[in-house]
Amino acid sequence: MKSIADYVALEPKYYQAVLDNYQTLFADHIDLSQIRQLNAIVIFATGSSANAAYGARPIMSELLKIPVYIEDPSMAANYLHYNDPNTLYFAISQGGESYSTIHLVKEFIHHNKTIYSLTSNPQSPLYQVSNHVLSMGMPIEEMPYVSAGYSITILDLILISLIIGQKTETINQAKFDDYMNQIKTITQLLPQVIERSQAWVNRLEDQYTLAQRVILIGYGATYGVAREGETKFTETVRNTALGKELEEYMHGPYLGLHSDDQIIFIEPQGRLAQRADSLKQFLNQYVKNVVTIYAHQQGNRTQNDLCLGISCDERLTSLFMTIPIHLLSYQVSQLKGHNLEKSTYPEFDEITKSKIKRIIA
């Protein structure tokens, strides 16, 4: 079975495949003929799929000039109502086995509502119950703790937004070409990002192996990266991890600060950079290990900071800034001796039915 690191190494190949085929994957399957004026997009997802949606959300909203909402499928199916005919709905489950997402899609279809399911598994229960399926454009990820699939979900959502923007004439050709060129440049530079990230992980692996708690802080597109850091550290390292939005952390959670916390800022170098610097100034008084991952170069960085060397629209930084986080969580998990191919609690799915392997007719 391929490891998380193996799938991170495959991301440049997977990105290019999606870019080569995005028209066939998405443009030919999204029908806007019944929508008079697009009012909003609602994305239903859990776990890494939800984290990816948060990573894509700022650029989606910027491109389409509408709000983009991310909802929990269980809450949505059981307690909420969605009646706007001019809202587009998407459900995401890479493996297509999430009980709550499958249940949500079935409820939408039962009430004759259109919802697009995004998955990489054509044999999955989600694929089977859906009436509008969008392929993620990559093979099924064998590793249960997804990495490439998380990143591809962000790319897919951005490309879907560009296509919708063209169809609704929200995006002109010049803007479309500009963003496509930036995405292609990021794709070409991914091997450099992986190399720099791996060197950074090799330097700090011992420090994070001893960590009692990791706190990741992001804003804008990197809020989704911080959330994914919480998910991956918890899943693989099996230690306490928290992923927080910058202002969210400043309104209460900072009071639970411990001097031995390991704090990672995911810095897209965007409009809230000065706010992040102010928070770091405060934290450095009380915490020894505060590091920053920068999207591109930074003159005042410390020796443990990481610069990924990509200058782009800050809302595209989620396409590459999770790479060091995925590699760090994987490498620390291996140093701790965790077998990621074996379930820690094999009885969990049997009892909770959190994952549905097949639909019985």
task = Determine the shape class of region 128-193: with a ≥ b ≥ c the square roots of the Cα gyration tensor eigenvalues, call it rounded for a/c under 1.5, and otherwise prolate if a/b is greater than b/c, oblate otherwise.
result = oblate
query = Can you give the charge dipole size of region 273-361 about its Cα centre, rounded to the nearest 20 debye, using +1 on the beta carbon of Lys and Arg and -1 on the beta carbon of Asp and Glu?
reply = 140
remark   = Looks like region 1-110, by Cα gyration tensor root eigenvalues a ≥ b ≥ c and the a/c under 1.5 rounded cutoff (else prolate when a/b is bigger than b/c, oblate otherwise), is oblate
query = Roughly what would the spin-label model give for Ser311 and Asn83, points 7 Å off Cα along C-beta, in nm?
reply = 5.2
Positive-end extreme of charge dipole, region 1-148 - chosen from Ser98, Ala76, Tyr54 (charges on Cβ) = Ala76
request  = Can you tell me the dipole magnitude for region 254-324 around its Cα centre, using point charges on the Cβ only (Lys, Arg +1; Asp, Glu -1), in Debye to the nearest 20?
outcome  = 100
request  = Taking the chain as the reference, fit the longest principal axis to its C-alpha atoms, fit the long axis of helix 99-110 to the helix C-alpha atoms, and give the angle between the two in degrees, 0 to 90, nearest 10.
outcome  = 30
query = Taking Cα atoms, how many degrees apart are the long axis of helix 173-209 and the longest axis of the chain, rounded to 10 and kept between 0 and 90?
reply = 40
Where GluC sites (Glu not before Pro) fall in DSSP loop in region 214-262, at most 15 other Cβ within 10 Å = none
ask   = Are there GluC sites (Glu not before Pro) in region 130-169 that DSSP puts in a loop and that have at most 15 other Cβ atoms within 10 Å, and which ones?
value = Glu142, Glu169
Residue-span extension gain [Gln166 to Lys113] - 0.36 nm each, minus C-alpha spacing = 16.7 nm
message = Which one, Met138, Asn304, Ile30, is farthest towards the positive end of the dipole of the chain when Lys and Arg carry +1 and Asp and Glu -1 on their Cβ?
response = Asn304
query = When ligands, DNA and RNA are left out and all protein chains stay put, how many square angstrom of accessible area per residue does region 208-269 have with a 1.4 Å probe?
reply = 34
Accessible surface of the chain, 1.4 Å probe, proportion on carbon and sulfur as whole % = 47
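Under a 1.4 Å probe, what is the accessible area of region 44-129 per residue, stated in Å²?
Per-residue accessible area for region 44-129 comes out at 40 Å².
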ask   = Considering only the chain, what is the antiparallel percent among its DSSP beta bridges, to the nearest 5?
value = 5
query = Which angle between 0 and 90 degrees, to the nearest 10, do you get for helix 47-64 versus the longest principal axis of the chain when only C-alpha atoms count?
reply = 70
request  = Treating cross-link reach as a plain straight distance, find the aspartates and glutamates whose alpha-carbon is under 19 Å from the alpha-carbon of Lys167, omitting any fewer than eight places away in the same chain.
outcome  = Asp28, Asp31, Glu62, Asp156, Asp177, Asp178
request  = Consider a paramagnetic label point 7 Å from the Cα of Thr352 along Cα→Cβ; state which residues of region 43-82 have an amide N under 20 Å from it.
outcome  = 44-53, 71-79
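Going down the list Lys13/Lys342; Lys65/Lys113; Lys65/Lys175; Lys2/Lys184; Lys244/Lys336, which pairs span over 18 Å between their C-alpha atoms?
Numbers: Lys13/Lys342 27 Å; Lys65/Lys113 23 Å; Lys65/Lys175 13 Å; Lys2/Lys184 26 Å; Lys244/Lys336 25 Å.
Cα-Cα > 18 Å for Lys13/Lys342; Lys65/Lys113; Lys2/Lys184; Lys244/Lys336; rest within.
The values are calculated or read from the model by the stated rules, or taken from the named source; none is laboratory data. In this text, all values refer to a predicted model and were calculated from it rather than measured experimentally. Glycine also receives a Cβ, built like all others from the backbone with ideal geometry; neighbour counts cover every protein chain displayed. With ligands, DNA and RNA removed, areas are computed over all heavy atoms of the protein, side chains included. Shrake-Rupley method; radii C 1.70, N 1.55, O 1.52, S 1.80 Å.
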